[in-house]
1. Please identify the pairs in which a residue from the range 388-411 that is part of a loop (DSSP other than H, G, I, E, B) has its Cβ atom under 6 Å from the Cβ atom of a residue that is open to solvent by 10 Å² or more (accessible area, probe 1.4 Å) and among the aliphatic types (A, V, I, L, M), counting only partners at least 6 apart or on another chain.
2. Of the residues that make up the range 475-484, is at least one open to solvent by 30 Å² or more (accessible area, probe 1.4 Å) and among the β-branched types (Val, Ile, Thr)?
3. I need a count of the residues in the range 80-105 that are under 18 Å from the mean Cα position of the chain (by Cα), part of a loop (DSSP other than H, G, I, E, B) and not hydroxyl-bearing (Ser, Thr, Tyr).
4. Taking only pairs six or more apart or across chains, which ones have beta-carbon atoms under 6 Å, a first residue in the range 457-484 that is within 10 Å of residue 385 (Cβ to Cβ), and a second residue that is acidic (Asp, Glu) and open to solvent by less than 60 Å² (accessible area, probe 1.4 Å)?
5. Pairs only if they're at least six apart or on different chains, beta carbon under 9 angstrom, first in the range 198-212 and at negative phi, second surrounded by 13 or more Cβ atoms within 10 Å (Cβ to Cβ) and part of a loop (DSSP other than H, G, I, E, B); list them, first residue then second.
6. Pull up the range 384-425, narrow it to residues that are open to solvent by less than 10 Å² (accessible area, probe 1.4 Å) and of a type in the set (Ser, Thr, Tyr), then point me to the one that is farthest from the chain's Cα centre (by Cα).
7. Going through the range 439-456 one residue at a time, which ones are farther than 13 Å from residue 389 by Cβ and acidic (Asp, Glu)?
8. Would you check which residues across the range 342-369 are assigned to a loop (DSSP other than H, G, I, E, B), over 18 Å from residue 539 (Cα atoms) and among the aliphatic types (A, V, I, L, M) and list them?
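The values are calculated or read from the model by the stated rules, or taken from the named source; none is laboratory data. Predicted model, so just to flag it, every value in this text is computed and none were measured. Positions of Cβ are backbone-derived with ideal geometry, glycine not excepted, and every protein chain shown enters the neighbour counts. Keep in mind that these areas ignore ligands, DNA and RNA; they rest on the heavy atoms of the full protein, side chains included. Shrake-Rupley method; radii C 1.70, N 1.55, O 1.52, S 1.80 Å.
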Amino acid sequence: MPLAPTRSEAEEHESQTPSKRSLDGMQSCEISSDSTDDPLSSDLHTHRQPRIVVIGAGLAGLAATRVLLRNGFTDVTVLEASDHIGGRVHSVQHGEATLELGATWIHGANGNPVYHLAEDNGLLEHTTDGERSVGRISLYTKNGVAHYQTNVGKRIPKDLVEEFSDLYNEVYELTQEFFQNGKPVCAESQNSVGIFTRDGVRKKIMLDPDDSESIKKLKLSMLQQYLKVESCESSSPSMDEVSLSEFGEWTEIPGAHYVIPEGFMKIVELLARDIPSRTISLSKPVRCIHWNYSAQHQEVIAKSSDTNQDNNHNTNNHTRQPQDPLPLVRPICVECEDEEWIVADHVIVTASLGVLKQNHEAMFSPSLPEDKVLAIEKLGISTTDKIFLEFEEPFWSPECNSIQFVWEDEAQLEQLAYPEELWYKKICSFDALYMERCDDETVAETCTELLRRFTGNPDIPKPRRVLRSSWGSNPFIRGSYSFTRVGSSGGDCERLAMPLPYANSTKAQPLQVLFAGEATHRKYYSTTHGALLSGQREATHLTAGEHRGKHGDKVLAGGPVQQEDTLLITSGNRVFKDWEKEGNRT
């Protein structure tokens, strides 16, 4: 790895504090009013603000930066790879409505920091007691019912849907007990939420003496549809990949679920409101974080003919050209894709689990510890995308607030795995790895054909506009949100969150590299509040450490941005329908 650090620390200190030095380089009276012979006094003279680099300007990165600035840290830089802040929050204004391509819901109110931020700033609509009792408030309408339609254009009766839903929930709720009550997982379940739930519900369906064979088949088909919905909520390829033994650790915050009418980006704007614009550098991807840098390289082996080279951000913090060989005091050097190098005392990494999975080998020098790499590999992240279709006129009835697709030919399938050409059969949560490879025209045609097929209405026109997300193929995101995959545990979230270098493993400066983001929160992974809290957590480690005068103790950290996977249909600027999993879990 080439060595290309910034200006020497001595040179840097000189440029940062000219008013505190006399012309001959000796300390001025302003600095040296105490005895300079006192070693403690001497330390105070050389005390400097720690330089902190935050990688990522999503909820975690912004929350961390906010805490740092409010606690008096002045040398903070945020590096955001994309050309905008917000991370996995992406609100798009469409007429009078706001469409959410990313995070949508505030999951729970009681003690949720995202809820309180929205409520305190008047971002939430008033909801009645009855609406608060509903597990999820519909995105665009609070009225109406979900229509469960089969692939032969038949609507499943509402009472049959409710009967099946009760049966399904009875089994599904048992999945929480393995973690919460320490129940052993039987070998037959393969430690999988999907396999356990499918087997349990199937047994109840097949043992019911009152149902005809056709009703049993219909219920088995609904079971597959419900599991597709669950996989979208977990952002997993299949519920068969979600760990049964760990599933109950994810903690739901009590209270109703809310959306923000003006868009979730309002939360992002609130977090960024007090952060000076000069603090955030956009379109600034990071190539490599060289940590323990000063320990490995006591001298800089690089020179430059232009020792006064500046850059477009902060001449004291960064450089594009190396200087004469001098000791490097700060332990970290952040190498950016544009060849800029930034020295720092601490780096807070808020990159998504998907980015870490793909880039961790090249992103850290020296390499991450083996147990942290193993945690990254074991935890799961998949893609949950949204598609908005806009129509000239509504083709659905006024009382219909969502359409659920039930494939009758899937009743007896053991696993719902589809080849690329059948991506549309996972319509409740488009398989992003497949769907994202299709162009908008193909997606629009396929969705229109499905709508005609399931509603039994061959006259449904093609939408006039398609808007969709593509989180899986976004190089700076690589997925929607994390889940505990079979073989992983909440302990892996904690290992992912542990700062480097590890405590007691080295005499190097602690808290060099800290980790935040929804995947690092053990109980709230996959949510916006988990991301926000994780950023606050890591910033608090630094503020507490600086307060004690030792750059932070080595603290073990633990720790859901949950986006709903929906197919949303619009009717001009007037009517919006949310194809959401309605009535599955309340």
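1. Note: pairs meeting the criteria are 394/575.
2. no
3. The initial filter retains those residues of the range 80-105 that are under 18 Å from the mean Cα position of the chain (by Cα), namely 80-91, 100-105.
Add one more test, that the residue is part of a loop (DSSP other than H, G, I, E, B), and what stays is 80-90, 101-104.
Going one step further and asking which of them are not hydroxyl-bearing (Ser, Thr, Tyr), we end up with 80-81, 83-90, 101-103.
The qualifying residues number 13.
4. 469/385; 470/436; 472/436; 473/436
5. 205/211
6. The selected residue is 402.
7. 439, the sole residue that qualifies.
8. 368
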